[in-house]
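A quick write-up on the structure given underneath.
The values are calculated or read from the model by the stated rules, or taken from the named source; none is laboratory data. On a predicted model such as this, the values are computed, not experimentally measured, just so you know. Positions of Cβ are generated from backbone atoms using ideal geometry, with glycine treated the same way; all protein chains shown enter the neighbour counts.
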Amino acid sequence: MKNHLKKILRLSYFLIVMFAVQLVAQTHFSIKENYTKKEYRIPMRDGKKLFTAVYSPKDVSEKYPILIWRTPYSCYPYGENKYRHIPKELAEEKFIFVYQDVRGRFMSEGKYVNMRPYIPNKKDSSQVDESSDAYDTIDWLVKNIPNNNGNVGVYGISYPGFYAAMAAIDAHPALKAVSPQAPISNWFVDDDMHHNGALSLLMSYNFFSVFGVHRDSLTTHWPKRKKYPSPDAYSFMQKLEPLKNINKFFYHGQIAFWNDILKHSNYDEYWKSRNTLPHFKNIKPAVMTVGGWYDSEDFYGTINTYKSIEEKNPDAKNILVIGPWPHGWWARSDGYKLGDINFGDSTSVYYREKIQLPFFKYYLKGKGSFKMPEAEMFNTGINKWRSFKQWPPKNVFKQSIYLDVNHELSFVRKKFIAKTKFDEFVSDPRKPVPYTAKIQDSHVFYNKAYMNEDQRFAAYRPDVLVYETETLDNDITLAGKITADLFVSTTGTDADWVVKLIDVFPDSTSNPKPNPNNVEMGNYQLLVRYDIMRGKYRNSLEKPEAFIPGKVTEVKIPLQDILHTFKRGHKIMIQIQSSMFPFFDVNPQTFTDIYNAKYSDFRKATNRVYFSDKYPSKITFEVLF
């Protein structure tokens with residue numbers, strides 16, 4: 001009997017293993033088995049050659065479109081017998097996949113320029129930019145790669161998203177579809193390196209430590225990162241202040257782009273020339289711009305690339321897709337949750353299978369249909385996709401909530417009979433407000449989940465002002481722009497102003513099941529949207545202005561777009577503070593060139609926020625009907 005039972009168990013085990021092997025075989029798609037890889041050096045109009053890897057389907061029963069990814073982050077792995085990962089949904093559909101090191105990076109010739117400025121009306125072949133390099137690449141590919149159908153697409157995320165967007169300008173006639181995903185558009189206004197003039201310190205420091213090093217020759221390797229003890233980013237970056245210490249202790253003047261930043265502390269021609277938004281004219285290809293509500297790096301670029309194309313090309317096929325994702329996660333996660341919050345479905349898989357794949361199939365292969373609305377947006381708060389004919393939607397009305405006494409928020413502007421009211425806090429640059437409750441290593445760019453993190457860690461600090469509505473009687477959905485309009489004063493001559501919009505859950509909210517992190521969802525303060533304004537740039541990013549100590553001054557802070565439902569029973573909260581460290585550098589609170597500030601320039605200041613009939617500080621947003 002025992003032997004018989006053993007045989008049954010062995011057979012069962014064998015069948016289970018065989019089933020697992022078959023399941024893996026069904027789900028696994030081998031790039032090496034289905035594609036042939038070739039490497040080329042494609043000549044540009046000025047004679048420089050760009051390294052390009054081409055993966056062509058082995059099945060030659062039909063012609064295939066070309067799908068290009070131009071990148072400064074390497075075409076790794078190098079060698080025609082080494083194959084890279086290609087997104088499964090696209091690889092199975094079969095395209096000719098092209099990966100290219102952009103000019104001056106890794107195995108491509110030429111000089112690398114960060115966010116190389118676009119040159120309109122080029123005079124001769126010596127004038128090149130990313131638009132011309134994309135054009136020359138496409139022209140060579142359609143003429144030289146066997147079995148292509150003459151249609152080309154370009155896509156990319158973050159920096160590759162910038163290169164995709166630039167390909168749409170002065171586009172090659174073969175370019176039919178472009179998908180800039182989290183594209184950089186303006187590195188001073190609100191992408192990556194700065195937000196309204198405030199430096200994204202932790203991210204910039206890590207980015208430049210490897211990306212800002214110029215190579216001496218063609219290479220397949222990244223430069224080595226400088227090692228330093230850094231178990232705690234907050235403590236490490238705090239000791240590194242003021243900013244000039246970065247060169248003194250680490251960069252030693254060897255990071256060219258950091259040196260450029262030091263010379264261009266205001267929004268001058270250096271930064272303006274790198275602004276892509278004025279150049280999206282006469283766009284011919286179909287464009288699908290993609291991003292995430294929780295993208296801390298390039299959400300501004302996503303929204304404004306779409307808007308710029310829409311404004312300048314009203315008849316273009318121009319689509320916007322925003323999901324509940326941090327930077328790039330629509331491509332490398334299932335998109336089911338972020339931090340403590342789950343979204344009820346695998347939102348990234350939905351995007352890749354139901355939006356991105358049909359987009360390229362339709363515009364490059366003429367297969368299927370693509371009837372997507374102009375804007376496909378994920379509604380956070382209620383966790384569902386919503387379709388709009390335009391973005392922002394038309395069916396909205398403007399609404400404001402006003403700061404009030406007793407740390408209240410009111411939907412009605414009250415008239416104050418008494419003297420001017422204000423709340424105040426002491427901002428100490430030696431002890432700035434942390435941007436996250438998480439302790440992280442300094443080598444990490446930032447905590448990916450901080451943009452929907454519970455804000456109770458900040459609300460309890462004395463240097464954070466907190467205002468809250470009464471419990472909402474009905475759902476309220478914000479759709480579109482948000483602007484904080486504050487009346488403030490400071491005892492210093494400069495100050496940063498951070499405004500956070502927060503969804504406060506009811507005390508009765510159930511905890512998740514399972515709950516391995518022991519999260520308490522009752523009174524959870526969900527960050528929905530925030531931004532920072534370096535106060536000296538309140539009127540102009542080009543010409544900073546000092547604050548007059550004690551004088552009431554208006555400061556407007558754009559918080560970027562939103563689609564979020566505050567549910568019945570929840571509350572709306574606003575938090576206001578003057579630091580968010582070390583995601584952003586610390587303002588010394590004296591009017592000075594912060595990149596060259598001395599330790600003695602950093603001083604405590606008492607900052608006030610006013611609310612009265614004369615000084616009605618408020619948050620204005622658009623509410624969906």
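Pro373 fulfils the conditions (1) in contact with a Ser or Thr (Cβ under 9 Å, 6 or more places away or on another chain); (2) outside the structural domain of Leu67 (by TED's automatic domain parsing); (3) not in a strand (DSSP E or B) except for a single criterion, (2). Filtered by the rule that a residue be closer than 17 Å to Met193 by Cβ and of a type in the set (Ser, Thr, Tyr), region 227-259 gives a lone residue, Tyr251. Taken together, the residues in region 361-371 that are surrounded by fewer than 17 Cβ atoms within 10 Å (Cβ to Cβ) and closer than 14 Å to Lys317 by Cβ amount to 2. Candidates are the residues of region 401-444 that are among the small types (Gly, Ala, Ser) and in contact with a Ser or Thr (Cβ under 7 Å, 6 or more places away or on another chain); the one that is surrounded by the most Cβ atoms within 10 Å (Cβ to Cβ) is Ser427.
Within the option set Asn114, Asn121, being under 27 Å from Arg274 (Cβ atoms), modelled with pLDDT under 95 and touching a helix residue (DSSP H, G or I) at 6+ places or on another chain (Cβ under 8 Å) holds for one residue only, Asn114. Within region 581-625, the residues that satisfy the criterion of being in a loop (DSSP other than H, G, I, E, B), of a type in the set (A, V, I, L, M, F, W, C) and within 20 Å of His194 (Cβ to Cβ) are Phe583, Val586, Phe591, Ala597, Phe602. The set of residues in region 63-95 being crowded, with 22+ Cβ neighbours inside 10 Å and out of contact with any Pro (no Cβ under 7 Å at 6 or more places or on another chain) consists of Pro65, Ile66, Leu67, Ile68, Cys75. Take the conditions (1) closer than 30 Å to Leu141 by Cα; (2) in a loop (DSSP other than H, G, I, E, B); (3) touching a Gly at 6+ places or on another chain (Cβ under 6 Å); Pro173 misses just one of them, which is (3). The requirement of being more than 22 Å from the chain's Cα centre (by Cα) and at pLDDT 95 or above is not satisfied by Leu320.
Within region 131-143, residues that are under 15 Å from Tyr40 (Cα atoms) reach partners that are of a type in the set (Val, Ile, Thr) with beta carbons closer than 6 Å, at six or more positions or on different chains, in the pairs Thr137/Ile42; Ile138/Val152; Trp140/Ile42; Leu141/Ile66. Contact map, region 417-442: first residue in contact (Cβ under 8 Å) with a residue 60 or more places away in the chain and more than 15 Å from Tyr460 (Cα to Cα), second residue in a loop (DSSP other than H, G, I, E, B) and among the aliphatic types (A, V, I, L, M), Cβ cut-off under 9 Å, separation 6 or more or different chains; pairs are Thr420/Val552; Phe422/Val552; Pro429/Val586; Arg430/Val586. Here Asp485, Asp475, Asp496 are screened, and the one residue that is over 26 Å from Pro324 (Cβ atoms), surrounded by fewer than 18 Cβ atoms within 10 Å (Cβ to Cβ) and within 30 Å of the chain's Cα centre (by Cα) is Asp485.
Does Thr289 satisfy the condition of being hydroxyl-bearing (Ser, Thr, Tyr) and either surrounded by fewer than 21 Cβ atoms within 10 Å (Cβ to Cβ) or within 24 Å of Phe584 (Cβ to Cβ) (or both)? No, not satisfied. When Pro512, Pro462, Pro516, Pro506 are checked against the criterion of being within 23 Å of Tyr610 (Cβ to Cβ) and part of a loop (DSSP other than H, G, I, E, B), a single residue qualifies: Pro462. Within region 345-359, if we keep just the residues that are closer than 14 Å to Lys88 by Cβ and hydrophobic (A, V, I, L, M, F, W, C), the residue that is surrounded by the most Cβ atoms within 10 Å (Cβ to Cβ) turns out to be Leu357. Criterion first (within 19 Å of Val321 (Cα to Cα), touching an Asp or Glu at 6+ places or on another chain (Cβ under 7 Å) and modelled with pLDDT of 95 or more) does Ser410 satisfy it? Against the criterion (within 19 Å of Val321 (Cα to Cα), touching an Asp or Glu at 6+ places or on another chain (Cβ under 7 Å) and modelled with pLDDT of 95 or more), Ser410 does not qualify.
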